[in-house]
Amino acid sequence: MANPIPIVQMTGIIKRFGQTTALAAVDLAITEGEVHALVGENGAGKSTLMHILAGIVQADHGQISIRGNPVTIDSVEEANKLGIGMVHQHFMLLPSLTVAENLTLGREPKRRGFFDRAAAKKAVTDLGERYDLHVNPHVRVSELSVGDLQRLEILRALYRGADILILDEPTGVLTPQETQGLFRVIRELKRDGKTTLFISHKLEEVIEIADTITVLRDGHVTGKPQPTMTDSQEIARLMVGRDVFLEFERPQLSQGAALLEVAGLCGKGVNGITFNVYANEIVGIAGVTGNGQTELADLIAGIQTTQAGTIKFSGKDVTRDSVAQRRAASLAYIPEDRNKQGLAPDGGISDNLLMGAHSRPPLIKRGILNTAAIRQRTEMLIQKFSIKTKNANNAANTLSGGNAQRIVVARELADNKPLIVAAQPTRGIDIAACEFVRDALVQRRNAGAGVLLISADLGEVMSISDRILVIYRGKIIGEVAGKEARADDLGLLMAGITNVNVSG
Ligand SMILES: Nc1ncnc2c1ncn2[C@@H]1O[C@H](COP(=O)(O)OP(=O)(O)OP(=O)(O)O)[C@@H](O)[C@H]1O
Ligand SMILES: [Mg+2]
């Protein structure tokens, strides 16, 4: 085929937010029917570039052509008309409405002037059949799993006639199995001639699914590595400008005192769990999402109520203690859902970084906030965790997704607490930052902390855990020494198959 006209051509796109240059003259050409991946560090400008294409944000300069025709995309409506649909990093569905209602919102099928429920339901099932995207049309969105939410978002874009689909970090919250399901959908869309733009931090996945890769760094395109010719190392280097893969310094340490003792723990989703975490170790929890790991973390943090069993921190029973008491005593908690539990999105970056520390010296002196100390500590954390912001007084919701996650991690690791519960600590953050967070956890372990690591990323669990516990339907069904763990065997255990010799 002789050089076809790109379906999307973005030329010289510039976008500034105050003093931040999010995009500095970016050129991007997308071929019809391809799967085009956008990768780059947190804050590189990926979401902003896609928001411009989807009509959510307007560029300061630059041109966009669709199928060779210059266009002005000044609203989401306009983007929809051009066949562009976006699935967001944070879902934008209305939780109290049903699947069918959400799907058709704003484009309701009508019958004699009323919402045509049957037609809406048919739309969900027809599209679902065609693209292997099955979601029950009658359930309320508040009851859906993240995988379902995402399928619904994709269905909604298709319902609106999108043939250029933008997926912003669609796999960030998915299990490996769900990710493979999504990839089947993307391949199906491709067979149908649709074009997919895909943002991801998981470079192995990008290499697997993408026809073309564009790497962004600091608002510039820094490379277009060929998926068939490249590897994660090279892509990461283009993203960051240096080598990023760390060898974790993990000296053999003998188990110290018990820092966390969980005995016979029962609560919502957790059916009698017993284990300890000792000083100088990282205990990883491996499991398919939805088997009680979120609930386990929330029980330990005190966010959910314990129905039976006990929780001890350093020998002291905290089962009846409040969240604040547990955290004051000894617990650092990186919650899974940073938007709901980890951050006050409208609050300032500095306030979010220091939350909790505000009420203690040295940030407070004789009842008065010590502004110099506050500024110093904020600056130190921003530096140490490479949080990309021009002004620490800006609201946390002006940060890119990954930079918001870094705030939570920075705040929780700042105080050197002895016990760390880290739930999905690297979700949504770029590969260099993943390595950084893992290294920070390993360093805390080396310094005598106990770490409970809950992660849907089996590679992550295997790379830094001293022991791995496998959770299945709210119970621990196996334990493997970190060094001896093999992904295949863990995978079987995670599926609930226990008659495997895991350390052979
Ligand atoms: N509404 C806004 N106000 C101020 N700054 C913003 C706004 N939206 C984005 N930015 C800034 O623009 C830059 C690019 O952000 P963007 O969200 O595009 O990054 P990203 O590549 O998607 O990162 P991530 O991988 O973390 O999601 C960041 O420095 C971000 O803080
Ligand atoms: Mg983003």
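So the values come out like this:
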{"item": "Failed condition for ILE454, given (1) open to solvent by 10 Å² or more (accessible area, probe 1.4 Å); (2) farther than 26 Å from PHE17 by Cβ; (3) in contact with a Gly (Cβ under 9 Å, 6 or more places away or on another chain)", "result": "(1)"}
{"item": "Only one of ILE213, ILE207, ILE154 that is in contact with a Leu (Cβ under 9 Å, 6 or more places away or on another chain) and either open to solvent by 10 Å² or more (accessible area, probe 1.4 Å) or away from ligand 1 (no atom under 16 Å from the Cβ) (or both)", "result": "ILE154"}
{"item": "Check on ASP116, acidic (Asp, Glu) and away from ligand 1 (no atom under 16 Å from the Cβ)", "result": "yes"}
{"item": "Filter result for the condition that a residue is assigned by TED's automatic domain parsing to the domain that holds PRO95 and modelled with pLDDT of 90 or more, over LEU165, LEU155", "result": "LEU165"}
{"item": "Every pair of residues 6+ apart whose Cβ atoms lie under 8 Å, when the first sits in region 475-490 and is free of Cβ contacts under 8 Å to residues at least 60 places away in the same chain while the second is charged (D, E, K, R) and not in a strand (DSSP E or B)", "result": "VAL480/ASP489; ALA481/ASP466"}
{"item": "Residue satisfying condition, being within 16 Å of ligand 1 (Cβ to nearest atom), touching a strand residue (DSSP E or B) at 6+ places or on another chain (Cβ under 9 Å) and within 21 Å of GLY33 (Cα to Cα), within set ASP163, ASP168", "result": "ASP168"}
{"item": "Entirely in region 39-106, the helices (runs of 4 or more DSSP H) that have 3 or more residues that are surrounded by fewer than 21 Cβ atoms within 10 Å (Cβ to Cβ) and charged (D, E, K, R)", "result": "76-81"}
{"item": "Helices (runs of 4 or more DSSP H) contained entirely in region 343-451, each with at least 2 residues that are open to solvent by less than 20 Å² (accessible area, probe 1.4 Å) and under 30 Å from GLN293 (Cα atoms)", "result": "349-354, 401-414, 431-446"}
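The values are calculated or read from the model by the stated rules, or taken from the named source; none is laboratory data. Since this is a predicted model, take the numbers as computed values, not measurements. No Cβ is skipped: glycine too gets one built from the backbone with ideal geometry, and neighbour counts run over all protein chains shown. Quick note on the areas: whole protein, heavy atoms, side chains included, nothing else; ligands and nucleic acids left out. Shrake-Rupley method; radii C 1.70, N 1.55, O 1.52, S 1.80 Å.
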